[in-house]
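Just below is one structure, and these are the notes that go with it.
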Amino acid sequence: MTGPRAEAPRTKPYVLRPQAREDRRSEVRHYRQEAGAAIADKLVRAMAKALQDLERNPSIGSPSLGRLLGIDELRTWRLQGFPLTYWYFERADHIEVIRLVGQRQDQGNA
């Protein structure tokens with residue numbers, strides 16, 4: 001007889017929009033040029049962890065920026081250890097990641 005099985009946590013997959021993919025490439029290039037390969041690798045790991053966090057708990061992000069900009073449903077989630085934030089929408093069957101925005105950028109024009 002076996003014990004109860006632990007259920008895997010339900011996740012909602014993310015979809016990176018083209019601009020979000022370009023933002024990621026640009027940030028990795030920037031960090032590689034300015035801080036070196038080790039820091040760029042750390043950034044790649046932080047980006048992956050942030051997306052895993054969103055998959056596991058899509059409502060974790062803050063709606064504050066969306067309210068400020070008048071964009072319903074927009075949420076943001078900051079990467080740990082870097083001044084970067086994913087901008088996303090929670091959809092019925094996925095998380096739509098639209099941008100990866102650095103705090104050095106003008107967020108009103110991102």
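With label points built 7 Å along Cα→Cβ from the Cα atoms of residue 57 and residue 69, find their separation and express it in nm.
About 2.3 nm, to one decimal.
Once label points are set 7 Å from the Cα along Cα→Cβ at both residue 26 and residue 46, what is their separation, rounded to one decimal in nm?
It is 1.8 nm.
All other residues with a Cβ under 15 Å from the Cβ of residue 22 taken together, and with Lys, Arg as +1 and Asp, Glu as -1, what is their net charge?
Combined, the nearby Lys, Arg, Asp and Glu give +4.
Return the sequence-ordered ³J(HN,Hα) values of the stretch 74-87 in whole Hz as given by the Karplus equation 6.51 cos²θ - 1.76 cosθ + 1.60 applied to θ = phi - 60°, using x for Gly and Pro.
Karplus values, whole Hz, x for Gly and Pro: 5, 10, 10, 9, 7, 6, 6, x, 9, x, 10, 9, 7, 9.
Counting pairwise Cα distances across the stretch 14-104, what percent come out greater than 20 angstrom?
Tail fraction, whole percent: 31.
Pop out the ³J(HN,Hα) list for the stretch 12-23 in order, Karplus 6.51 cos²θ - 1.76 cosθ + 1.60 with θ = phi - 60°, rounded to Hz; leave Gly and Pro as x.
Each residue of the stretch 12-23 in turn: 10, x, 9, 10, 8, 5, x, 5, 5, 5, 5, 4 Hz.
Each value in this text was obtained by applying a stated rule to the coordinates, not by laboratory testing. Fair warning: this is a prediction, and the values are worked out from it, not measured in the lab. Positions of Cβ are generated from backbone atoms using ideal geometry, with glycine treated the same way; all protein chains shown enter the neighbour counts.
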